[in-house]
1. List, in order, the whole-Hz ³J(HN,Hα) value for each residue of the range 94-103 obtained from phi through the Karplus relation with A = 6.51, B = -1.76, C = 1.60 and θ = phi - 60°; use x for Gly and Pro.
2. How about Lys93: which lysines have a C-alpha closer than 16 Å to its C-alpha, ignoring those fewer than 8 places off in the same chain?
3. Return, for the Cα atoms of the range 31-102, the radius of gyration and Dmax in Å, separated by a comma.
4. Extension gain Arg83-Thr61, at 0.36 nm per residue separation less the Cα-Cα distance, in nm?
5. What lysines sit close enough to Lys80 to cross-link, taking a C-alpha to C-alpha distance under 24 Å and skipping anything fewer than 8 places away on the same chain?
6. Tell me, what is the FRET efficiency for Lys41 and Lys93 to the nearest 0.05, using R0 = 22 angstrom and their Cβ-Cβ distance as r?
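A short reminder: the numbers here are calculations on the coordinates, not readings from a lab. Here the structure is a predicted model, which is why all the values come from computation and not from measurement. All Cβ positions, even for glycine, are placed from backbone atoms using ideal geometry, and neighbour counts span all protein chains on display.
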Amino acid sequence: MIRELLRQADPTVVLPEPTGRAMGDVTAGPDARLAFSYRAKNANLVLAGTGKVTVIVDGRTTKTIDVSGSPTLYRLTDDKDPRTARLELRLDKGLEAYAFTFG
């Protein structure tokens, strides 16, 4: 239903086909990385624990985020216009990643 509403609102929208898989919660181990491509103006992630996240967009480090405490939403990217980009996150051991959102 949501996919159809999005297509009605913007017939040019391209949505990936559902995979039927959910990532679930992630707790970082040594050398933990998450990488994927997305299309949006901004990307956000709920993180918890104590440590740093290095944000790499299209192969370029754009920021380092200090994480401390209970689950909090962090802004990973913030562009003026939607764009397609490859996002890579390098997480310190013990950080917990819960949910991505895109705007």
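1. Coupling constants for the range 94-103: x, 5, 10, 10, 10, 8, 8, 9, 9, x Hz.
2. Those lysines meeting the cut-off are Lys52.
3. Here Rg and the maximum Cα pair distance are 11.5, 33 Å.
4. So the extension gain works out to 6.2 nm.
5. Filter leaves Lys41, Lys63.
6. FRET efficiency, Lys41 to Lys93: 0.10.
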